[in-house]
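Working notes for the structure below.
What follows is calculated from the coordinates using simple rules that are stated; it is not laboratory data. Values in this document were obtained by computation on a predicted structure and should not be read as measured data. For neighbour counting, all protein chains shown are included, and Cβ atoms are generated from backbone atoms with ideal geometry for every residue, glycine included.
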Amino acid sequence: MVELIALVMVADWVGFGWALLLLLGTSVLGVALLRIEGLRAWQELRAAAADGRFPQDEPESVEASSARMADTGARILSGVLLTFPGFVTDFIGLVLLIPPIRRGVGRRLAASAFRTFPGRRGAGMGGLGGRPGPGGADGPGVQHGVVIEGEVVDTDPPRDQR
């Protein structure tokens, strides 16, 4: 309802055609922002995996990677809000692009994510990257990161393909 009232007010102020053009322009901006931030996050993830480095393995980088992830999350949220048609969501999305506001919202998003997924709790910015030990966030005796090497042997006889 608020979006409809905002559309009528903007259309009355600048004209209906210009209002629709503004909505289309902010949607295109939102899609472009989502694409850029999504690609950037994907490239960082691939580079970290290729180097074999992850935030939980490097305690001194946990804060920096947490802040970077929170900033990326806020930018993605901004892109999503800009993509939705409506002047109120566009305004909120544009405000999220202001760096101090984006950092504050990013920190809150990260804290909320760590409360929602407590199994990933550990050091730095609400717990990114730590591994709980016995009695940790996942309960007593739960171990993380254990790799058991093995080999798969197919013992079933082949089925008739009819």
Residue span residue 94 to residue 68: 0.36 nm per residue of separation minus Cα-Cα distance leaves a gain in nm of 7.4 nm
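Can you give the extra length, in nm with one decimal, that the chain gains between residue 16 and residue 42 once fully stretched, where that is 0.36 nm per residue apart less the Cα-Cα distance? Before the final figure, lay out the partial values.
Numbers: separation 26, 0.36 × 26 = 9.36 nm, distance 3.89 nm.
The residue 16-residue 42 span can extend by a further 5.5 nm.
If packing is taken as the average number of other Cβ atoms within 10 Å across a peptide's residues, how do 2-15, 20-33, 68-81 rank, most packed first? Write down the numbers at each step before the final one.
On the way: 2-15: 12.9, 20-33: 15.7, 68-81: 20.4.
The most tightly packed comes first, giving 68-81, 20-33, 2-15.
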